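Enquirer: Sharing a structure here in structure tokens format.
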Amino acid sequence: MKTVKFATVAMFMAAIFFAMLSFMPGTVNAQGKGNTKVAEIKTSAVCGMCKDRIEAAVYAVKGVKAVVLDVDTKVATVKYNAAKTNPDKIKTAIVNAGYSADDLPASEKAYNKLPGCCKAPGACESKTTKTGASCGEKH
Ligand SMILES: [Cu+2]
């Protein structure tokens, strides 16, 4: 009985040891060349045209590897090289395309250039000052 138990424990320990060995370098590789990060940014996109516009603007940011915007959730999922860019720069690109990015309101100038169907109400106003009117109507 004792030897069986010891063998079980030894096998168990060996299994953990090998699992750790294969797991540790595995996680490093899974992060992909070290600097790849993913940011999820809530935008004011309303349709497929918005999606194209925002994806093009984000993709133009140096260091961005991939961007996918889900129109239903309005969330842009951005894969980027953290050594070359950061979420603030990505948000700025979205803002300059005429859309809000998380808590940043859209650039009013860019917003006013959007087609009417793409003007999300309140997108270029700070979310703390909700007046209800879209900035496009004020000018
Ligand atoms: Cu649109």
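Enquirer: Counting other Cβ atoms within 10 Å of each Cβ, which trypsin sites (Lys or Arg not before Pro) in the range 64-107 have at most 13 and sit in a DSSP loop? Walk me through the numbers before you get to the answer.
Expert: On the way: sites: Lys65, Lys74, Lys79, Lys84, Lys89, Lys91; in loops: Lys74, Lys84.
Within the range 64-107, the qualifying trypsin sites (Lys or Arg not before Pro) (loop, at most 13 other Cβ atoms within 10 Å) are Lys84.
Enquirer: For the range 36-103, what D do you get in µm² per second when you plug the Kirkwood radius from alpha-carbon pairs into Stokes-Einstein at 10 °C and 1.306 mPa s? Can you show the working numbers first?
Expert: Details: Rh = 11.3 Å.
D, rounded to a whole number, is 141 µm²/s.
Enquirer: Between Ala60 and Asp103, with labels modelled 7 Å along Cα→Cβ, what's the label distance in nm to one decimal, could you check?
Expert: Label-label distance for Ala60 and Asp103, simple model: 2.7 nm.
Bear in mind these aren't lab numbers, they're just calculated from the coordinates by the rules spelled out. Quick caveat: nothing in here was measured; it's all calculated off a predicted structure. Positions of Cβ are generated from backbone atoms using ideal geometry, with glycine treated the same way; all protein chains shown enter the neighbour counts.
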